[in-house]
Amino acid sequence: MSNVKLKNSTTELRDLDALHHLHPFTDHKSLRSGGARVIVKGDGPYVWDSEGHRILDGMAGLWTTNVGYGRSELADAARDQMLELPFYNTFFRTTHPPVVALSQKLAGITPAHINQVFYGSSGSESNDTAIRLIRHYWTLKGEPKRRIIISRKNAYHGSTIAAGSMGGMGHVHKHSYPVYEGFRHIMDPCWFDEGQDGESLEAFGLRAARALEDEILAVGPENVAAFAGEPVQGAGGVKIAPPSYWKEIQRIVDTYGILLLADEVITGFGRLGTWFASDYYGIKPNIITFAKAVTSGYLPLSGILVDDRIVAALMDHDDDFNHGYTFSGHPVACAVALKNIEIMERENLVARVADYGAPALAKLLARFEDHPLVGEVRSVGMMGAIELVADKRTRRRFDNPGRVGLICRDHFFREGFIMRAVFDTMVCAPPLIWGDGEFAEAERVIGRALDLTLADVAGEIAA
């Protein structure tokens with residue numbers, strides 16, 4: 001079946017998919033009735049489906065393909081490493097050149113206080129690892145009661161039971177049977193959803209951050225291990241905190257001596273115009289989790305970046321940290337990650353986001369602020385969101401959250417542009433290689449998709 005894409009028609013591929021493939025985060029009954037879109041090719045900022053349609057990828061795969069598709073250098077790096085050493089584990093006091101080289105490279109582009117890496121294969125694995133290491137750290141420090149990790153509503157930290165429990169998404173919790181104990185969730189720092197009339201962004205950011213201090217005091221500082229947060233809440237709807245927020249969060253974690261976990265599975269590797277969003281916001285996390293764009297999605301690889309404080313505690317005790325994965329530090333994935341970072345450095349993609357991509361995306365989205373369907377547009381770096389509302393004046397959303405978002409998403413797909421719907425928030429995170437042509441094409445499609453959606457729901461829009 002290795003050449004199935006050549007032998008089978010689109011209909012046959014969809015039928016086979018329905019017979020044998022369970023998709024992630026999917027209503028399987030609905031999928032079976034409509035069939036999956038079959039993607040067969042990618043090149044630069046575009047993908048093609050099995051019916052020959054070229055589609056501008058506004059989501060970088062899944063917040064992932066920062067250097068775009070079809071990079072032969074990444075394929076060559078994988079092939080060369082497969083012929084040299086396709087696999088060996090990093091258990092049993094064993095290492096290999098690619099994992100050593102990548103670890104050194106990562107230590108060089110992370111904040112100065114972070115110098116160690118532990119590897120996995122997905123963002124969920126990374127956050128599971130972080131949960132275990134955080135609690136292990138406090139046990140080593142003689143404070144085993146510090147087990148509570150505080151996160152935020154609408155946070156996404158993965159879909160394993162532990163990482164899903166740390167996240168703040170109710171539809172993920174619903175399938176955990178039950179949600180693991182030891183996690184608390186505070187308000188998210190999105191003014192559009194949580195801000196009060198007349199409240200400044202600065203005041204709102206401080207109020208949202210101080211919800212952390214309130215929760216710490218409510219459960220007892222002696223019981224709190226860490227605060228976990230995405231610098232920008234991606235899968236929750238590109239929720240961007242006001243400038244006052246992260247500075248106050250840092251003050252609070254420092255005041256109570258708890259650890260700070262920055263989940264950079266989405267924001268790492270250039271998306272905000274810095275290698276890591278922790279640098280963009282000026283915070284000093286003890287752990288950074290990463291995945292996705294470290295290889296631009298060409299192979300699965302993830303990890304946690306660990307600061308000197310936690311490493312010192314590990315070094316002070318002569319015992320095992322009993323945790324790991326078969327594919328921790330996989331040599332082929334590490335070789336591809338090294339080449340991916342090399343490409344990003346050679347093409348100055350991180351600086352390009354700061355100097356060109358971020359302003360261009362902000363300008364693009366601002367063109368639609370006055371559209372009758374749009375309640376707000378927002379962006380930071382190469383991440384953006386468009387809020388779809390029934391009433392612009394009051395920010396009132398549509399009935400049955402997600403219904404209008406899916407209508408709009410389908411119009412985007414039909415018009416040749418991938419934009420994701422998070423309930424009724426349309427989000428994008430383009431490859432970092434977008435240029436003037438892609439931004440112009442996106443502007444045309446966004447306008448068309450919003451107009452088509454407005455025509456579908458015109459009777460529900462407030463006058």
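At-a-glance table
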{"item": "Out of Leu56, Leu62, sole residue that is surrounded by 14 or more Cβ atoms within 10 Å (Cβ to Cβ), under 22 Å from the mean Cα position of the chain (by Cα) and either among the small types (Gly, Ala, Ser) or part of a strand (DSSP E or B) (or both)", "result": "Leu56"}
{"item": "Check on Arg79, among the basic types (Lys, Arg), over 22 Å from the mean Cα position of the chain (by Cα) and assigned to a helix (DSSP H, G or I)", "result": "yes"}
{"item": "Segments classed as strands (runs of 3 or more DSSP E), wholly inside segment 246-322, with at least 3 members that are under 26 Å from Met344 (Cβ atoms) and without any contact (Cβ under 8 Å) to a residue 24 or more places away in the chain", "result": "none"}
{"item": "Options Gly229, Gly198: the member that is under 21 Å from Gly375 (Cα atoms) and in the same structural domain as Val265 (by TED's automatic domain parsing)", "result": "Gly198"}
{"item": "Residues that are of a type in the set (S, T, N, Q) and more than 20 Å from Val265 (Cβ to Cβ), drawn from segment 301-345", "result": "Asn322, Thr326"}
{"item": "Filtered residues of segment 184-222 (kept if part of a loop (DSSP other than H, G, I, E, B) and out of contact with any helix residue (DSSP H, G or I) (no Cβ under 6 Å at 6 or more places or on another chain))", "result": "Asp188, Cys190, Gln196, Asp197, Gly198, Glu199, Ser200, Gly220"}
{"item": "Which listed residue, of Ala277, Ala335, Ala291, Ala358, is surrounded by fewer than 24 Cβ atoms within 10 Å (Cβ to Cβ) and small (Gly, Ala, Ser)", "result": "Ala358"}
{"item": "Among (1) under 22 Å from Ile150 (Cβ atoms); (2) surrounded by fewer than 16 Cβ atoms within 10 Å (Cβ to Cβ) - the single one Ile283 does not satisfy", "result": "(2)"}
{"item": "Unique match (being out of contact with any Phe, Trp or Tyr (no Cβ under 6 Å at 6 or more places or on another chain) and small (Gly, Ala, Ser)) among Ala429, Ala462", "result": "Ala462"}
{"item": "Verdict on Asn127 being polar (S, T, N, Q) and either in a helix (DSSP H, G or I) or more than 18 Å from Leu261 (Cβ to Cβ) (or both)", "result": "yes"}
{"item": "Filtered residues of segment 345-354 (kept if without any contact (Cβ under 8 Å) to a residue 60 or more places away in the chain and part of a helix (DSSP H, G or I))", "result": "Glu345, Arg346"}
{"item": "Test for Ile341: is it at pLDDT 95 or above, assigned to a helix (DSSP H, G or I) and surrounded by 20 or more Cβ atoms within 10 Å (Cβ to Cβ)", "result": "yes"}
{"item": "Residue within segment 362-375 that is surrounded by 15 or more Cβ atoms within 10 Å (Cβ to Cβ), in a strand (DSSP E or B) and assigned by TED's automatic domain parsing to the domain that holds Ser50 present", "result": "yes"}
{"item": "Test for Tyr156: is it at pLDDT below 95, aromatic (Phe, Trp, Tyr) and part of a loop (DSSP other than H, G, I, E, B)", "result": "no"}
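Conditions (1) surrounded by fewer than 20 Cβ atoms within 10 Å (Cβ to Cβ); (2) part of a helix (DSSP H, G or I); (3) of a type in the set (Ser, Thr, Tyr); (4) in contact (Cβ under 8 Å) with a residue 60 or more places away in the chain, marked per residue:
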{"site": "Thr394", "(1), (2), (3), (4)": "yes, no, yes, yes"}
{"site": "Phe398", "(1), (2), (3), (4)": "no, no, no, yes"}
{"site": "Asp410", "(1), (2), (3), (4)": "yes, yes, no, no"}
{"site": "Phe413", "(1), (2), (3), (4)": "yes, yes, no, yes"}
{"site": "Ala455", "(1), (2), (3), (4)": "yes, yes, no, no"}
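The values are calculated or read from the model by the stated rules, or taken from the named source; none is laboratory data. None of the values given here were measured: they were computed from a predicted structure. Backbone-built Cβ (ideal geometry, glycine too); neighbour counts: all protein chains shown.
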